[in-house]
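K.L.:
Starting off with a structure, shown below.
The values are calculated or read from the model by the stated rules, or taken from the named source; none is laboratory data. Just so it is clear, the structure is predicted and the values come from calculations on it, not from any experiment. A quick note on method: Cβ atoms are made from the backbone with ideal geometry, for glycine too, and the neighbour counts reach across all protein chains shown. Please note that ligands, DNA and RNA were not included when accessible areas were found on the heavy atoms of the full protein model with its side chains. Shrake-Rupley method; radii C 1.70, N 1.55, O 1.52, S 1.80 Å.
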Amino acid sequence: MKLSTPRWWYRREGGPAPLTRALLTPLSWIWAGATARRIARATPADPGAPVICVGNLTAGGVGKTPIVRELLLVLNNGGVAAHGLSRGYGGSLKGPLRVDPSRHKAGEVGDEPLMLAQDFPIWVSRDRVAGATAAAAAGAQVIVMDDGHQNPDLAKTLSLVVVDGETRDDEWPFGDGRVFPAGPMREPLAVGLARADAVIVLLPADLPQADPALLALLASKPVLIARLEPAAPPPGGPQVGFAGVGKPWKVERALQAAGCDLVDFAPFPDHGAYSEDTLRGLAERARDLGASLITTEKDWIRLPPAWRERVAAWPVRARFEDEEALARVLAGLS
């Protein structure tokens, strides 16, 4: 059973359930210690091609995959044969294998790899070294790895950490700084940030600018600003939205900001499969409200084929504000 991300994790201070968080804190010490030992003891392997790791410091929901897509686009448009690499979370196949959109399903290779494979060469592998080596052998000049900042097995040429730039309504990307399961952090902020070459602050389209306090916190590293923008406007008319992503409330807010007539919204756990009963319930809710159904591309790719005709996929893209700054960071690959 998949569980939803606790929204209280992202309260900067004064979050609910203080006793629960206090009881979970010793477990967070164990988690952080195990991560630190694993990283310290590893000998990273060279797969035969430069690796860009697009990672994060928290438990999902920051927008890594749109950043991976944009980097793959920039590199390939620049004449670099860039391939993507993913663990294939939610998929049953261990790999290494190249995702074939005409043959594979989300339940086999994961929703994000299947989505990216519509446009780029994408590999999935539980063993990141084996996957990167296979990609390099197949002609990848650069490998863009989705997630893996805490995975020490693969040598990284460039480590980029993506940070959610949403700071409205008392949200803070790192919560109160506690490590999982007491908070959203995969490791302490200073520890994870020290291994990064640069930080990408990803802003929602309607947020005017990044919070100065957040930029000051990250100032020890080069900071790039990117925006998560709609690639197309939402469909007209009333819509019932749903999303199973790390922070589904961000999808609801983004749809509203884009002018969608959103009459209801249903959150689901990240990467979760949609049962027939669940989809029928959503369809009945939409019918009762005289509305249509809308979801993210990532969720749409997980739907059974018959349901894809009944649900609109709303595409978004990450756009870097300073393309020259991005080029300077990527120049470190050569």
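K.L.:
Is there a residue in segment 100-120 that is farther than 23 Å from THR295 by Cβ and small (Gly, Ala, Ser)?
P.N.:
No, segment 100-120 has no match at all.
K.L.:
For segment 148-156, indicate whether the set of residues that are closer than 17 Å to ARG317 by Cβ and assigned by the TED database to the domain that holds LEU326 is non-empty. Break it down stepwise before answering.
P.N.:
As a first pass, look at segment 148-156 and keep what is closer than 17 Å to ARG317 by Cβ: none.
No: segment 148-156 contains no residue that is closer than 17 Å to ARG317 by Cβ and assigned by the TED database to the domain that holds LEU326.
K.L.:
Filtering segment 311-326 down to residues that are in a strand (DSSP E or B) and not β-branched (Val, Ile, Thr), which residue is most open to solvent (accessible area, probe 1.4 Å)?
P.N.:
ARG319
K.L.:
Here's a follow-up. Which fully enclosed helices (runs of 4 or more DSSP H) of segment 254-310 have 3 or more residues being touching a residue at least 12 places away in the same chain (Cβ under 8 Å)?
P.N.:
Per the criteria, 276-288, 297-300.
K.L.:
If you don't mind, there's one more thing I want to ask. I need the full set of residues from segment 228-266 which are closer than 20 Å to ILE301 by Cβ and surrounded by fewer than 16 Cβ atoms within 10 Å (Cβ to Cβ), in order please.
P.N.:
ALA231, ALA232, PRO235
K.L.:
Among the residues of segment 111-133, write down those that are among the small types (Gly, Ala, Ser) and either open to solvent by 30 Å² or more (accessible area, probe 1.4 Å) or assigned by the TED database to the domain that holds GLY272 (or both).
P.N.:
ALA130, the sole residue that qualifies.
K.L.:
For residues that are in contact (Cβ under 8 Å) with a residue 40 or more places away in the chain and either assigned to a loop (DSSP other than H, G, I, E, B) or open to solvent by 20 Å² or more (accessible area, probe 1.4 Å) (or both), tally how many sit in segment 178-196.
P.N.:
Within segment 178-196, residues that are in contact (Cβ under 8 Å) with a residue 40 or more places away in the chain and either assigned to a loop (DSSP other than H, G, I, E, B) or open to solvent by 20 Å² or more (accessible area, probe 1.4 Å) (or both) number 13.
Residue by residue, here is whether (1) in contact with a strand residue (DSSP E or B) (Cβ under 8 Å, 6 or more places away or on another chain); (2) open to solvent by 20 Å² or more (accessible area, probe 1.4 Å); (3) farther than 17 Å from LEU154 by Cβ; (4) in the same structural domain as PRO204 (by the TED database) holds:
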{"residue": "THR20", "(1), (2), (3), (4)": "no, yes, yes, no"}
{"residue": "ASN56", "(1), (2), (3), (4)": "yes, no, no, yes"}
{"residue": "THR65", "(1), (2), (3), (4)": "yes, no, yes, yes"}
{"residue": "LEU71", "(1), (2), (3), (4)": "yes, no, no, yes"}
{"residue": "ASN76", "(1), (2), (3), (4)": "yes, yes, yes, yes"}
{"residue": "LEU85", "(1), (2), (3), (4)": "yes, no, no, yes"}
{"residue": "VAL109", "(1), (2), (3), (4)": "yes, no, yes, yes"}
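So that you can scan it fast, the table gives a plain yes or no per residue for (1) among the small types (Gly, Ala, Ser); (2) farther than 16 Å from GLY236 by Cα:
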{"site": "GLY259", "(1), (2)": "yes, no"}
{"site": "PHE268", "(1), (2)": "no, yes"}
{"site": "GLY272", "(1), (2)": "yes, yes"}
{"site": "GLU276", "(1), (2)": "no, yes"}
{"site": "ASP288", "(1), (2)": "no, yes"}
{"site": "ILE294", "(1), (2)": "no, no"}
{"site": "VAL316", "(1), (2)": "no, yes"}
{"site": "ALA325", "(1), (2)": "yes, yes"}
{"site": "ARG328", "(1), (2)": "no, yes"}
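K.L.:
Being at pLDDT below 95 and of a type outside the set (A, V, I, L, M) is true for just one of GLY237, GLY272, GLY241, GLY281. Which residue is that?
P.N.:
GLY272
K.L.:
Still on this structure, I have one more. One residue is enough: does segment 197-204 have a residue meeting the conditions within 21 Å of the chain's Cα centre (by Cα), in contact (Cβ under 8 Å) with a residue 60 or more places away in the chain and in a loop (DSSP other than H, G, I, E, B)?
P.N.:
Yes: segment 197-204 contains one or more residues that are within 21 Å of the chain's Cα centre (by Cα), in contact (Cβ under 8 Å) with a residue 60 or more places away in the chain and in a loop (DSSP other than H, G, I, E, B).
K.L.:
Let me ask you something else. What pairs come out if I take residues in segment 134-159 that are open to solvent by 10 Å² or more (accessible area, probe 1.4 Å) and pair them with residues that are among the aromatic types (Phe, Trp, Tyr) and in a strand (DSSP E or B) whose C-beta lies under 7 Å away, six or more apart or interchain?
P.N.:
Pairs found: ALA134/TRP123.
K.L.:
Return the residues of segment 27-54 that are touching a strand residue (DSSP E or B) at 6+ places or on another chain (Cβ under 7 Å) and either over 29 Å from HIS83 (Cβ atoms) or of a type in the set (Phe, Trp, Tyr) (or both); say none if nothing qualifies.
P.N.:
So in segment 27-54, the residues touching a strand residue (DSSP E or B) at 6+ places or on another chain (Cβ under 7 Å) come out as 28, 31-32, 44-45, 47, 49-54.
Passing the criteria: SER28, TRP31, ALA32.
K.L.:
On to the next question. Within segment 160-177, which residues are aliphatic (A, V, I, L, M) and either closer than 17 Å to LYS247 by Cα or surrounded by fewer than 18 Cβ atoms within 10 Å (Cβ to Cβ) (or both)? It would help to see each step written out before you state the result.
P.N.:
The initial filter retains those residues of segment 160-177 that are aliphatic (A, V, I, L, M), namely 160-163.
Scanning segment 160-177 gives VAL162, VAL163.
K.L.:
I'd like to check something: does segment 217-224 contain any residue that is in contact with a Phe, Trp or Tyr (Cβ under 7 Å, 6 or more places away or on another chain), assigned by the TED database to the domain that holds PRO173 and more than 24 Å from GLY183 (Cα to Cα)?
P.N.:
The answer is yes; a qualifying residue exists.
K.L.:
Could you check, for segment 197-213, whether at least one of its residues is open to solvent by 50 Å² or more (accessible area, probe 1.4 Å) and outside the structural domain of LEU326 (by the TED database)?
P.N.:
Of the residues in segment 197-213, the ones open to solvent by 50 Å² or more (accessible area, probe 1.4 Å) are 197, 205-206, 208-209, 212.
Next cut, outside the structural domain of LEU326 (by the TED database) only: none.
There is no residue in segment 197-213 that is open to solvent by 50 Å² or more (accessible area, probe 1.4 Å) and outside the structural domain of LEU326 (by the TED database).
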